[in-house]
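Engineer: I have a structure here, written as structure tokens, and I will follow up with some questions on it.
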Amino acid sequence: MPGAESRRRLWALIAPPAFWLCAFLVVPLLLLSAYSFRAGMSGAFFRDWVPTLENYRILFATPSFFELLAVSVGIALVVALTATALAYPVAYYVVFRARARAGVFIVLLLIPFWISYLLRVMAWKLILGSSGVVNALFMSLGLIQEPISIFFYSRVAVVVTLIYVWTPFVTLPILATLYRIDRSVLEAAASLGATPAQRFWRVTFPLSRPGLIAAAVMVFIPTVGEYVTPLLVGGSTGAMYGNIIQDFFGRSANWPLGAALAVVMLAGTLLLVVATSRVSRVEQYIG
């Protein structure tokens with residue numbers, strides 16, 4: 001039967017990615033959630049597992065955890081919004097102005113991904129350090145007499161580095177959104193007497209807004225749990241929520257409490273993403 005054959009083909013296509021998604025995303029998240037209800041590390045995982053809410057009691061009884069989570073959310077918002085704002089003009093130029101040179105600019109955007117993430121972050125240690133490029137430039141210009149510490153081992157350094165890391169990445173989905181805009185709509189607006197600025201604000205920007213929201217969310221989600229960049233350029237004063245989780249899974253060897261922190265962060269991030277998606281739908285209906 002044609003219908004049965006098409007269903008078999010559909011399941012044959014869906015089964016491998018579905019298995020991969022369940023095995024390497026759903027199952028680890030379920031194990032993480034289960035670990036958050038363990039009393040400690042001793043004993044076998046399933047045989048000696050006695051459910052408890054002690055880890056969540058400790059978490060909610062420690063305000064400093066939520067203060068650090070709020071700081072991490074704020075940093076993630078600043079990084080997401082700034083990276084998206086910086087990436088949008090670049091994507092707009094490549095799509096609407098570069099023309100034959102668009103391929104060259106896209107390759108230039110991809111070049112940072114050829115370099116290791118750690119090497120790119122370490123490069124900013126040399127740029128923002130006490131003997132780095134920024135302090136050396138300011139001292140040579142006579143603007144400062146001694147190195148400014150705010151540029152290194154601080155949250156300012158973390159924000160600057162993360163914006164640099166994410167801007168090329170967030171440009172790509174914005175590019176895809178702008179390429180999907182029908183040029184005939186812009187031509188129709190021009191034929192009706194709209195100026196270039198009016199065409200941008202009334203046609204291009206509204207049509208590209210879903211891509212902007214998606215790009216910002218793509219940056220926000222991993223940045224909330226970021227721990228590598230704060231560890232390298234933030235130091236103790238630039239620590240984020242992810243550093244606390246990494247510490248519980250590492251030096252402290254308290255996986256259940258670390259899992260509880262991770263579950264709370266995941267739940268909060270999902271709520272923000274759902275709220276963002278609802279707001280974007282409301283804006284779409286209003287528009």
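Engineer: I want to confirm something. Restricting to region 193-211 and keeping residues that are of a type outside the set (A, V, I, L, M, F, W, C) and not in a helix (DSSP H, G or I), which single residue is farthest from Val273 (Cα to Cα)?
Structural biologist: It comes out as Gly193.
Engineer: Also, quick follow-up: So is Thr52 hydroxyl-bearing (Ser, Thr, Tyr), assigned to a helix (DSSP H, G or I) and surrounded by 11 or more Cβ atoms within 10 Å (Cβ to Cβ) or not?
Structural biologist: No, not satisfied.
Quick grid of which residues meet (1) charged (D, E, K, R); (2) modelled with pLDDT of 90 or more; (3) farther than 27 Å from Val273 by Cβ; (4) more than 21 Å from the chain's Cα centre (by Cα):
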| position | (1), (2), (3), (4) |
| --- | --- |
| Ala85 | no, yes, no, no |
| Tyr93 | no, yes, yes, yes |
| Phe105 | no, no, yes, yes |
| Ser154 | no, no, yes, no |
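Engineer: Could you tell me whether any residue of region 31-39 is over 28 Å from Leu175 (Cα atoms), of a type outside the set (A, V, I, L, M, F, W, C) and either exposed (fewer than 11 other Cβ atoms within 10 Å of the Cβ) or free of Cβ contacts under 8 Å to residues at least 24 places away in the same chain (or both)?
Structural biologist: No, region 31-39 contains no residue that is over 28 Å from Leu175 (Cα atoms), of a type outside the set (A, V, I, L, M, F, W, C) and either exposed (fewer than 11 other Cβ atoms within 10 Å of the Cβ) or free of Cβ contacts under 8 Å to residues at least 24 places away in the same chain (or both).
Here is a yes/no grid of residues against (1) part of a loop (DSSP other than H, G, I, E, B); (2) in contact with a Leu (Cβ under 8 Å, 6 or more places away or on another chain); (3) surrounded by fewer than 16 Cβ atoms within 10 Å (Cβ to Cβ):
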{"site": "Ile75", "(1), (2), (3)": "no, yes, no"}
{"site": "Thr84", "(1), (2), (3)": "no, yes, no"}
{"site": "Ala87", "(1), (2), (3)": "no, no, no"}
{"site": "Val90", "(1), (2), (3)": "no, yes, no"}
{"site": "Val95", "(1), (2), (3)": "no, yes, no"}
{"site": "Pro112", "(1), (2), (3)": "no, no, yes"}
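Engineer: What are the residues in region 162-209 that are closer than 19 Å to Arg99 by Cβ and among the aromatic types (Phe, Trp, Tyr), if any?
Structural biologist: Passing the criteria: Tyr179, Phe200.
Engineer: Pairs, please: C-beta under 6 Å, at least 6 apart or cross-chain, first residue surrounded by 15 or more Cβ atoms within 10 Å (Cβ to Cβ) and in region 116-133, second in a loop (DSSP other than H, G, I, E, B)?
Structural biologist: If the second residue must be in a loop (DSSP other than H, G, I, E, B), the pairs left are Leu128/Phe152; Gly129/Phe152.
Engineer: For region 1-24, check the following and say yes or no: at least one residue is part of a helix (DSSP H, G or I), in contact with a helix residue (DSSP H, G or I) (Cβ under 8 Å, 6 or more places away or on another chain) and surrounded by 11 or more Cβ atoms within 10 Å (Cβ to Cβ).
Structural biologist: Among the residues of region 1-24, not one is part of a helix (DSSP H, G or I), in contact with a helix residue (DSSP H, G or I) (Cβ under 8 Å, 6 or more places away or on another chain) and surrounded by 11 or more Cβ atoms within 10 Å (Cβ to Cβ), which makes the answer no.
Engineer: Only one residue in Ala214, Ala260, Ala190 is modelled with pLDDT of 90 or more and either touching a Ser or Thr at 6+ places or on another chain (Cβ under 9 Å) or assigned to a helix (DSSP H, G or I) (or both). Which one?
Structural biologist: Answer to the selection: Ala260.
Engineer: Another one. Look at region 176-187 and say how many of its residues are outside any helix (DSSP H, G or I) and out of contact with any helix residue (DSSP H, G or I) (no Cβ under 6 Å at 6 or more places or on another chain).
Structural biologist: 2
The values are calculated or read from the model by the stated rules, or taken from the named source; none is laboratory data. Just so it is clear, the structure is predicted and the values come from calculations on it, not from any experiment. Using ideal geometry, Cβ is built from the backbone for each residue, glycine included, and neighbour counts are taken over all protein chains shown.
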